[in-house]
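Worksheet for the structure shown next.
None of the figures in this text is laboratory data; all of them are computed from the coordinates on show. On a predicted model such as this, the values are computed, not experimentally measured, just so you know. Backbone-built Cβ (ideal geometry, glycine too); neighbour counts: all protein chains shown.
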Amino acid sequence: MIKVSKLSKIYQIGEVETVALSNVSFEIKKGEFVAIMGPSGSGKSTLMHILGALDLPTKGNYILDGESVLNLNEDQLAGIRNRKIGFIFQSFNLLPRTTAMQNVMLPMSYAGIEKDKRQEIAKKYLEMVGLKDRLNHTSNQLSGGQQQRVAIARSLVMNPAILLADEPTGNIASAQADEIMKIFEKLNNQGHTIIMITHEADIASHAKRIIHIRDGKVEKDEKN
């Protein structure tokens, strides 16, 4: 599903070079649940941006679902993001004063899917994450955990190749975090490929494999 080969990311500011990633290589197979873990400044966020086709590496190659991402232009990268990647962010990224249904339908609107079909699919995934009675509640009427459930439902509607979760429990209470991780485990058991960025060991422990990043390099890659 994912193959990263000798990936490096170097930021140049004037005369100063900052190496964010150095010679990173790994593969992730379809159906895996992988946590990428590291302290602040380790390079994990830079790696997340590259895996999410939000940025390109300075060197190396990245193949996602059989397609090389390296030489794509902005429009092509946007297409990959919409078709192949379901994003779940720490800050939820929901539209305020907009209902759960409308938020979940949004990616399908961009893809030109007809309204009746959008509503049917959105309702299905919101029910899957336990929000059957919250379909028409706006974002600001939902708790943090419920907002993250809406974000998970939205990430699933385009049937992406991977779910990419960036610190998905960072803004919610620990009890709600456990509920969100149970949803991820359920999705993985259904066959979804999940990559989760985290700095918390207890959250990473829900994954079946942990890639440890430190100083821009893979320090350890272990089954959980």
Q) So how many residues does region 161-197 have that are in contact with an Asp or Glu (Cβ under 6 Å, 6 or more places away or on another chain) and either among the charged types (D, E, K, R) or outside any loop (DSSP other than H, G, I, E, B) (or both)? A) 1
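Among what's in region 134-160 and is over 11 Å from the mean Cα position of the chain (by Cα) and in a loop (DSSP other than H, G, I, E, B), pick the residue that is farthest from residue 121 (Cα to Cα). Walk me through how you get there before you give the answer.
Step one: filter region 134-160 for residues over 11 Å from the mean Cα position of the chain (by Cα), giving 134-150, 153-154, 157-159.
Filter again for in a loop (DSSP other than H, G, I, E, B), leaving 135-137, 142-143, 157-159.
On the way: 135: 12, 136: 15, 137: 17, 142: 21, 143: 23, 157: 7, 158: 9, 159: 11 Å.
Step by step, filter region 134-160, then rank; the result is 143.
Across region 32-50, what is the total count of residues that are hydroxyl-bearing (Ser, Thr, Tyr) and either in a loop (DSSP other than H, G, I, E, B) or on the phi > 0 side of the Ramachandran plot (or both)?
Narrowing region 32-50 to residues hydroxyl-bearing (Ser, Thr, Tyr): 40, 42, 45-46.
Narrowing the set further to residues that are either in a loop (DSSP other than H, G, I, E, B) or on the phi > 0 side of the Ramachandran plot (or both) leaves 40, 42.
Total satisfying the criteria: 2.
Which of the residues belonging to region 176-186 are within 15 Å of the chain's Cα centre (by Cα) and either more than 20 Å from residue 51 (Cα to Cα) or surrounded by fewer than 16 Cβ atoms within 10 Å (Cβ to Cβ) (or both)?
First pass over region 176-186, keeping only residues within 15 Å of the chain's Cα centre (by Cα): 180-181, 183-185.
Listed by number, the residues that qualify are 180, 181, 183, 185.
Quick grid of which residues meet (1) surrounded by fewer than 20 Cβ atoms within 10 Å (Cβ to Cβ); (2) within 19 Å of residue 3 (Cα to Cα); (3) touching a His at 6+ places or on another chain (Cβ under 7 Å); (4) small (Gly, Ala, Ser):
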{"site": "138", "(1), (2), (3), (4)": "yes, no, no, no"}
{"site": "165", "(1), (2), (3), (4)": "no, yes, no, yes"}
{"site": "174", "(1), (2), (3), (4)": "yes, no, no, yes"}
{"site": "200", "(1), (2), (3), (4)": "yes, no, no, no"}
{"site": "216", "(1), (2), (3), (4)": "no, yes, no, yes"}
**Q.** Enumeration of residues in region 97-136 that are of a type in the set (Gly, Ala, Ser) and either closer than 18 Å to residue 152 by Cβ or surrounded by 16 or more Cβ atoms within 10 Å (Cβ to Cβ) (or both)
**A.** 100, 122, 130
